[in-house]
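Asker: First the structure, which I've put down as structure tokens, then a few questions once you've had a look.
The values are calculated or read from the model by the stated rules, or taken from the named source; none is laboratory data. A quick note: this is a predicted structure, and the numbers were derived from the prediction, not measured. Cβ placement follows ideal geometry from the backbone for every residue including glycine, while neighbour counts extend to all protein chains displayed.
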Amino acid sequence: MPYEEEVFSEPKTVFNPADCPSFSYDEDEKFTILHLTDVHLDSNPSLEKTKTEVLNFIKNTIETEKPDLVIITGDLLFDSVSPVNTLQAFVDLMDGLKQNWAFCYGNHDREKICTSAFQNIIENSDYCVFQSGPDWVMGDSNYCIALTKDGQVRQALVLMDSNSYYQGNREVYSPIYNSQKYFYKWVSESLSVPLFAFFHIPIPEYKTLWEHREELGVIGTKGEEVCCPPVNTGFYNTAKASGTVAIFCGHDHVNDYYGKLESDGPTLVYGRSLGKLCYGNDELFGARLITLDAEHKTDFSMRDIFMYH
């Protein structure tokens, strides 16, 4: 649907945190997230060795780091042969590890498998906390995960479907829609806690951030163009007004930089791609471990985990 033509009905009730998954902090009042993005699993027989290498990296990282939650910001699949079997194998891996995980869609996940089939597989996982989200919100993975201490929500993770292609044009990426901005604000106003946003396609502010990298002290590298939507629908401002600490995205496999456009705005973070089955740079492949603190609610730390270092 074109952004300009979206019509939606605003909810008549406040957001209820009891309707979303929740996790508690550990005994040190920390919560660790393993951020994976652009895994691009493919069952093409010629890629079997590489796929095994990628899955072994995920397995070994989970066993070593023992994250409280794995969040995958899209493009888990890039499969032209048997996406159902590929996705089921990944679910079996996570279930076998007894690893809690969450997922939001990228632009490639639903190209070879329909949304209902995809969701049927992951919703049958014993450890996936995925929710499709309210039907009045554009997309299929708009939901909140609450982090609690002593029964009180202290921070929240908001996953969103950044959709795929704008008006069916595969050369143009979709923006965040108005209903999604309203959803984000709806969650924020109800919870009144710091938010951390996760989605696949970067918003245009990632490009602005890099353009001003020297004065802003941006950390990391840029190896390709920022493949963001051509339409800026204002999600950055919504996120800033909603008390967002950081925004995490993926999509661009050889961009791994992060920084702040404004001192009182969210940190914009590229995830570390694991897309060895698609394209990228062996020096950059890996994941990020994000640590949140229940007491210092607007602080977070990150540690890179490289596939080949």
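Asker: What's the total number of residues in the range 50-68 that are surrounded by 19 or more Cβ atoms within 10 Å (Cβ to Cβ) and of a type in the set (Val, Ile, Thr)?
Answerer: Matching residues across the range 50-68 total 4.
Asker: Can you name every residue in the range 159-191 that is in contact with a strand residue (DSSP E or B) (Cβ under 7 Å, 6 or more places away or on another chain), over 16 Å from Thr73 (Cα atoms) and at pLDDT 95 or above?
Answerer: Result: Tyr184, Val187, Ser188, Leu191.
Asker: Another one. I need the full set of residues from the range 52-81 which are modelled with pLDDT under 95 and of a type in the set (S, T, N, Q), in order please.
Answerer: Ser80 - this is the single residue of the range 52-81 that is modelled with pLDDT under 95 and of a type in the set (S, T, N, Q).
Asker: Are any of the residues in the range 69-79 over 21 Å from Tyr173 (Cβ atoms) and not aliphatic (A, V, I, L, M)?
Answerer: no
Asker: Quick check: anything in the range 69-83 surrounded by fewer than 22 Cβ atoms within 10 Å (Cβ to Cβ), among the hydroxyl-bearing types (Ser, Thr, Tyr) and not in a loop (DSSP other than H, G, I, E, B)?
Answerer: no
For every residue, the table says whether it meets (1) of a type outside the set (Ser, Thr, Tyr); (2) closer than 20 Å to Ile290 by Cα; (3) touching a Lys or Arg at 6+ places or on another chain (Cβ under 7 Å).
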| site | (1), (2), (3) |
| --- | --- |
| Glu48 | yes, no, no |
| Thr61 | no, yes, no |
| Ile72 | yes, yes, no |
| Val91 | yes, no, no |
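Asker: Between a first residue in the range 284-309 that is in contact (Cβ under 8 Å) with a residue 60 or more places away in the chain and surrounded by fewer than 20 Cβ atoms within 10 Å (Cβ to Cβ) and a second residue that is among the small types (Gly, Ala, Ser) and not in a strand (DSSP E or B), which pairs have beta carbons less than 9 Å apart while being 6 or more apart in sequence or on different chains?
Answerer: Final answer for the pair search is Thr298/Gly243.
Asker: Name, by its number, the condition in (1) more than 20 Å from Leu191 (Cα to Cα); (2) touching a residue at least 60 places away in the same chain (Cβ under 8 Å); (3) surrounded by fewer than 20 Cβ atoms within 10 Å (Cβ to Cβ) that does not hold for Lys149.
Answerer: Answer for Lys149: the failing condition is (1).
Asker: Of the residues in the range 169-194, how many are among the aliphatic types (A, V, I, L, M), free of Cβ contacts under 8 Å to residues at least 60 places away in the same chain and not in a loop (DSSP other than H, G, I, E, B)?
Answerer: Going through the range 169-194, the residues among the aliphatic types (A, V, I, L, M) turn out to be 172, 176, 187, 191, 193.
Subsequent filtering for residues that are free of Cβ contacts under 8 Å to residues at least 60 places away in the same chain retains 172, 176.
Add one more test, that the residue is not in a loop (DSSP other than H, G, I, E, B), and what stays is 172.
Going through the range 169-194 one residue at a time, the tally reaches 1.
Asker: Take Lys112 and decide whether it is more than 21 Å from Leu157 (Cα to Cα) and of a type in the set (Lys, Arg). It would help to see each step written out before you state the result.
Answerer: Numbers: more than 21 Å from Leu157 (Cα to Cα): yes; of a type in the set (Lys, Arg): yes.
Yes: the conditions hold for Lys112.
Asker: Also: Looking at Ala294, Ala241, Ala246, Ala287 in this structure, which one is hydrophobic (A, V, I, L, M, F, W, C), within 18 Å of the chain's Cα centre (by Cα) and over 24 Å from Lys51 (Cβ atoms)?
Answerer: Ala246 is the lone residue from the list that is hydrophobic (A, V, I, L, M, F, W, C), within 18 Å of the chain's Cα centre (by Cα) and over 24 Å from Lys51 (Cβ atoms).
Asker: Another question, then. Would you mind finding the one in Leu55, Leu87, Leu93, Leu36 that is among the aliphatic types (A, V, I, L, M), within 30 Å of Asn169 (Cα to Cα) and either free of Cβ contacts under 8 Å to residues at least 60 places away in the same chain or not in a strand (DSSP E or B) (or both)?
Answerer: Of Leu55, Leu87, Leu93, Leu36, the one residue that is among the aliphatic types (A, V, I, L, M), within 30 Å of Asn169 (Cα to Cα) and either free of Cβ contacts under 8 Å to residues at least 60 places away in the same chain or not in a strand (DSSP E or B) (or both) is Leu87.
Asker: What is the number of the single condition among (1) part of a loop (DSSP other than H, G, I, E, B); (2) hydrophobic (A, V, I, L, M, F, W, C); (3) loosely packed, with under 13 Cβ neighbours inside 10 Å that Ala18 does not meet?
Answerer: For Ala18, the exception is condition (1).
Asker: Among Ala156, Ala197, which is the only one that is in contact with a Leu (Cβ under 7 Å, 6 or more places away or on another chain), within 23 Å of Ser301 (Cβ to Cβ), at pLDDT 95 or above and not in a loop (DSSP other than H, G, I, E, B)?
Answerer: That would be Ala156, the only listed residue that is in contact with a Leu (Cβ under 7 Å, 6 or more places away or on another chain), within 23 Å of Ser301 (Cβ to Cβ), at pLDDT 95 or above and not in a loop (DSSP other than H, G, I, E, B).
Asker: Of the residues that make up the range 254-261, is at least one under 21 Å from Asp109 (Cβ atoms), touching a residue at least 24 places away in the same chain (Cβ under 8 Å) and crowded, with 17+ Cβ neighbours inside 10 Å?
Answerer: yes
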